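The values are calculated or read from the model by the stated rules, or taken from the named source; none is laboratory data. Everything numeric here is computed off the predicted structure, so don't read it as measured data. For neighbour counting, all protein chains shown are included, and Cβ atoms are generated from backbone atoms with ideal geometry for every residue, glycine included. Calculation scope for accessible area: heavy atoms of the full protein, side chains included, ligands and nucleic acids excluded. Shrake-Rupley method; radii C 1.70, N 1.55, O 1.52, S 1.80 Å.
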Protein chains: 2
Amino acid sequence: MEKLGTVQSVDRALSLLEALASHTGGARLTALARETGLPPSTTHRLLTTLEQRGFAQFDPAATRWHIGRKAFAVGVAFTRWQSFIAAALPFLRRLRDLSRETANLGVLEDGEVITVAQVESREIIRAIAPPGGRAPVMNSGMGKAIVATWPDHAIDALVARHGLRPATRHSLTSLEAVHAEIGLTRARGYAVDDEEFTPGMRCVAAVVWSPTGDPVGAISISALAARLPVEGLPAMGASVREVADELTRAMGGAPPG
Amino acid sequence: MEKLGTVQSVDRALSLLEALASHTGGARLTALARETGLPPSTTHRLLTTLEQRGFAQFDPAATRWHIGRKAFAVGVAFTRWQSFIAAALPFLRRLRDLSRETANLGVLEDGEVITVAQVESREIIRAIAPPGGRAPVMNSGMGKAIVATWPDHAIDALVARHGLRPATRHSLTSLEAVHAEIGLTRARGYAVDDEEFTPGMRCVAAVVWSPTGDPVGAISISALAARLPVEGLPAMGASVREVADELTRAMGGAPPG
DNA sequence: CCTGATCTTCCACATCGTGGAAAACTTCTA
DNA sequence: TAGAAGTTTTCCACGATGTGGAAGATCAGG
């Protein structure tokens, strides 16, 4: 095998998909075999495998093979993800400029928040957790913003499954405290991490909704506590929420119902 | 081997592609392994094979796997399969020139309309949603034009499954409103998006039929509401419908029956 | 520093992918 | 229309390649 670590038969099937894609009007088995350098019987078996999974289609009338609908459905997922981040970036920049602090985009995964995009503050001294950084949901502004949209029983289940992981002396340590915090978050329309994950850092976050009415992520501002005093949280929270709502609208999203 | 004549490793790779596509925010190796029931080392090797061919991509910062660009490129070929875009482009250009507005071609996918081709207005200020852009079916002229060809029970099922996602205060918010709008669409022969997706934008759309009698897509004109007042909708609608009918004929298509 | 979780690499082995041959089918030509 | 040529599909012996458990590496948390 020349290509290190690749599965030859998968490689060949993908070559066939690409060959198919290059033929607007479809292609015949022997033409595809010639193009990919595969024997006709191998080509046939790989094509029928792709066909059974909907990635290829056969038109018996014209004896032509075409790309199948499933390949389209899978490929569209690429634009969905790319367009989410691309759509969010100008809003993150705007939020960064409004606040002069670092703006983040995060998503939930398995009880944690992952920062998937970030626009850094221009200040020399600034709050940075690198993209890819993770935080337990209930220690994180973004996590709390997302979870606050959930029904209470789902929040209970999350805490039961993942526990609470107090990182500082400000962190939430009981289910009662969690629900009190969620109640505040819902009332305000934005969430606060008040030195609950990293001492000396505060974070304000608001949820972003997908077109399907799912809380797909959250955006936030993270700042040194010295630069974002408690008295400044409401104004900052309003800004974050406003930009999050705009991002939601720009994506054709909305809360459910 | 349970599936007759299929290549197991290709089958597995395709399962991984589908699993990836179902995760908007990307997925980690162990989650994908769990979902597909494959051992982590097998999952890893198949993913890296997909990655080397561009069908998957890895974000090391978040240790997440995503669908790759090549999957999109291959998937788009599905629409081309019917010589759809190629055939439609001259008609879109004609429609653009007739109307002096941006002309679009869209298809339905999973409760949304995806714009797969576009010919932009030559005006300096014009209505643009980029190709690849998505909109909920019932907020979109093109979506409504296509769905209006469906039987009522299929429309009910679509709404039941995907809900209505009002984006503006003009959007449809009830099943009754949906059916009233569908009734109008059928009577007129064209559909209207009257600032239902984007404030300040109107869209007029008409369905395109495939040779097999399927409502395969729709073409539309999107314009700033200021440039397309309500009084102008009937004339514009007639133009869009006429060009859509010509495209249908050029493709050897026709409505069923 | 230790522990546990996750990810990556390795390799012996047997499963499964293979491709040539044969059979079946379709199209073309005289 | 029959035969030839081309295309597609099926079959199966065999060895190439895919495999998954184990080991190693890395990372995160206490």
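Using a 1.4 Å probe over the heavy atoms of the protein chains, calculate the carbon and sulfur portion of the accessible area of region A:8-67 as a whole percent. All intermediate terms of the calculation are to be shown ahead of the outcome.
Values: 1250 of 2590 Å².
Carbon plus sulfur share of accessible area: 48 percent.
Based on the alpha-carbon gyration tensor of region A:8-67 and its eigenvalue square roots a ≥ b ≥ c, which shape applies: rounded if a/c is under 1.5, prolate if not and a/b is larger than b/c, or oblate? It would help to have the intermediate numbers written out before the result.
Numbers: a/c = 1.43, a/b = 1.25, b/c = 1.14.
The shape class here is rounded.
Name the shape class, rounded, prolate or oblate, that the alpha-carbon gyration tensor gives for the protein assembly as shown, where a ≥ b ≥ c are the square roots of its eigenvalues, rounded holds for a/c under 1.5, and otherwise prolate holds if a/b is larger than b/c and oblate otherwise. Intermediate values should be presented prior to the final figure.
Details: a/c = 2.14, a/b = 1.26, b/c = 1.70.
Oblate, because a/c is 1.5 or more while a/b does not exceed b/c.
Under a 1.4 angstrom probe, counting protein chains only, how are B:Leu105, A:Leu108 ranked by accessible area, largest first?
The residues order as A:Leu108, B:Leu105, largest area first.
Take A:Lys144, A:Lys70 and sort them by solvent-accessible surface of the protein heavy atoms, 1.4 Å probe, largest at the top. Could you put the intermediate results ahead of the total?
Numbers: A:Lys144 0, A:Lys70 70 Å².
Heavy-atom accessible area, descending, gives A:Lys70, A:Lys144.
If you count only protein heavy atoms with a 1.4 Å probe, what accessible area per residue comes out for region A:8-67, rounded to a whole Å²? Don't jump to the answer; show the numbers that get you there.
Details: 2590 Å² over 60 residues.
Each residue of region A:8-67 exposes 43 Å² on average to a 1.4 Å probe.
With r defined as the distance between the Cβ atoms of A:Ala86 and B:Glu195 and R0 fixed at 25 Å, what FRET efficiency is calculated, to the nearest 0.05? All intermediate terms of the calculation are to be shown ahead of the outcome.
Values: r = 25 Å, r/R0 = 0.99.
Rounded to the nearest 0.05, the efficiency is 0.50.
I'd like the Karplus ³J(HN,Hα) series for region B:235-250: coefficients 6.51, -1.76, 1.60, θ = phi - 60°, whole numbers in Hz, and an x wherever there's a Gly or Pro.
5, 5, x, 5, 5, 4, 5, 4, 5, 4, 5, 5, 4, 4, 5, 4
Taking each label point as 7 Å beyond Cα in the direction of the beta carbon, state the distances from B:Leu89 to the same residue in the other copies, shortest first, in nm.
Values, ascending and in nm: 2.7.
Probe radius 1.4 Å, ligands and nucleic acids left out: can you give me the accessible area buried at the A-B interface, summed over both chains, in Å² to the nearest hundred? Intermediate results must be reported in sequence, preceding the final value.
Working: alone 13650 and 13560 Å², together 22160 Å².
The buried area between A and B, both sides summed, comes to about 5000 Å².
Suppose we compare each residue of region A:242-257 in its chain alone and in the full protein complex with a 1.4 Å probe; which ones drop by at least 20 Å² of accessible area?
Residues of region A:242-257 that lose at least 20 Å² of accessible area once the other chains are added: A:Gly252, A:Ala254.
Roll a 1.4 angstrom probe over the protein heavy atoms and tell me the percent of accessible area of region A:81-250 that is carbon or sulfur.
Values: 4030 of 7210 Å².
Answer for region A:81-250: carbon and sulfur cover 56 percent of the accessible area.
What are the ³J(HN,Hα) couplings of region A:146-158, residue after residue, when phi is run through the Karplus curve with 6.51, -1.76, 1.60 and θ = phi - 60°? Round to Hz, x for glycine and proline.
In residue order, the calculated couplings are 6, 5, 4, 7, 7, x, 4, 5, 5, 5, 4, 5, 4 Hz.
Could you tell me the accessible area of A:Leu184 in Å² (1.4 Å probe, neighbours in place), rounded to the nearest ten?
Surface open to solvent at A:Leu184 totals about 90 Å².
Can you tell me, using C-alpha contacts under 8 Å and at least 6 residues apart, the relative contact order of region B:82-250 as a whole percent? Don't skip to the answer; put the middle values down first.
Numbers: 335 pairs, mean separation 40.2, N = 169.
This gives 24 percent for region B:82-250.
In Å, what Kirkwood hydrodynamic radius results for chain A from the alpha-carbon pair distances? Provide the component values of the computation, followed by the final result.
Values: mean 1/r = 0.0476 Å⁻¹.
Taking the inverse mean of 1/r over all distinct Cα pairs, chain A comes out at 21.0 Å.
Dipole of region B:82-250 (Lys/Arg Cβ +1, Asp/Glu Cβ -1, origin at the Cα centre): which of B:Met201, B:Ala180, B:Val159 lies farthest to the positive side?
Going by the charge dipole, the pick is B:Met201.
Treating the point 7 Å from Cα along Cα-beta-carbon as the label, what are the nm separations from B:Gly37 to the other copies, to one decimal?
3.6
Could you please put B:His179, A:His153 in sequence from largest to smallest accessible area, using a 1.4 Å probe? Display every interim value, and only then the final one.
Numbers: B:His179 55, A:His153 135 Å².
From most exposed to least exposed: A:His153, B:His179.
Under the convention of a label 7 Å out along Cα→Cβ, give the distances in nm from B:Thr63 to the same position in every other copy, shortest first.
5.2
Any chance you could check the Cα centroid distance between region A:184-257 and region B:183-257 for me, in angstrom?
Their Cα centres are 40 Å away from one another.
Show me, for region A:96-104, the HN-Hα J-couplings you get by feeding each phi into the Karplus relation (A = 6.51, B = -1.76, C = 1.60, θ = phi - 60°), rounded to Hz, glycine and proline as x.
Those phi angles translate into 4, 5, 4, 9, 6, 10, 6, 10, 10 Hz.
Compute the acute angle (0 to 90°) between the alpha-carbon long axis of helix B:69-81 and the principal axis of greatest extent of the alpha-carbon atoms of chain B; round to the nearest 10°.
For helix B:69-81, the angle is close to 50 degrees.
Does region B:152-257 come out rounded, prolate or oblate by the C-alpha gyration tensor, with a ≥ b ≥ c the root eigenvalues, rounded set by a/c under 1.5 and, if not, prolate when a/b is larger than b/c and oblate if not? Don't skip to the answer; put the middle values down first.
Details: a/c = 2.17, a/b = 1.16, b/c = 1.86.
Oblate shape, in that a/c is at least 1.5 and b/c is the bigger or equal ratio.
Between B:Ala254 and B:Ala238, 0.36 nm times their residue separation minus their Cα-Cα distance comes to what? All intermediate terms of the calculation are to be shown ahead of the outcome.
On the way: separation 16, 0.36 × 16 = 5.76 nm, distance 1.81 nm.
Contour length minus the Cα-Cα distance gives 4.0 nm.
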